[in-house]
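Data block below; observations after.
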């Protein structure tokens, strides 16, 4: 993971901004008796939408398969309606080069760590059925890659834009069932050494993330 120092700085800055921004309105939120903090844990289905990619020299396209993973997020409510959410997850994907001039090539697998920070608006914060929408930024790190049939493979870490929609369905004062959907626009440059040639492709992964889980409001 050649961009590890940069990634560490990005996550550190995102986390510090998230925590520091949350400290400021604590006194105002304390008046309504609710904690501003919420944590969620979800089972996640990650579905890449990788229709756009062209591999140099041998043609064809890179395809990334779906994956099942878990995620956890930490939310801070600035007001009853406005919250920030930091989501952490790790997913593993198989990658193939399809329809190249030499047939299909197994490009092994790679793990993705995509921390995502969104700003949300909660439409009915005091109801049992509490829908929300959000938008924010994602930074995806590719690591622990296996080149498969290739000699080597390298994925560039990348920023992306994220949109989300979801709902918390209250069980009691603290617990809720959560359904969440995110769309991330994510493109990465991939360098491949295979068949004695240096190959390059830009893969628009653009994944959909479908999650179901539990939420706990402290």
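Throughout, read-outs are computed from the coordinates displayed, never taken from laboratory work. Bear in mind that the values here come from a model prediction, so they are computed numbers and not experimental data. When we count neighbours, we look across all protein chains shown, and the Cβ atoms used for this are built from the backbone with ideal geometry, even at glycine.
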If r is the Cβ-Cβ distance from residue 163 to residue 143 and R0 is 30 Å, what FRET efficiency results, to the nearest 0.05? 0.75
Mind jotting down a quarter of the surface of the convex hull over the alpha carbons of region 49-203, in square nanometres, one decimal? 9.4 nm²
Convex hull (Cα only) mean projected area of region 114-165, reported in nm² to one decimal: 5.2 nm²
Percent of Cα-Cα pairs more than 17 Å apart in region 171-218, please. 60 percent
Could you sort 193-199, 153-159 so that the peptide with the highest average Cβ count within 10 Å comes first and the rest follow in order? 153-159, 193-199
Run the numbers for residue 179 and residue 129: contour at 0.36 nm per residue of separation, minus the present Cα-Cα distance, in nm. 16.9 nm
FRET efficiency, residue 82 to residue 204 (Cβ-Cβ, R0 30 Å, nearest 0.05): 0.45
Using a Förster distance of 30 Å, the FRET efficiency for residue 104-residue 41 (Cβ separation, nearest 0.05): 0.20
With 0.36 nm assigned to each residue of separation and the Cα-Cα distance removed, residue 156 to residue 94 gains 20.7 nm
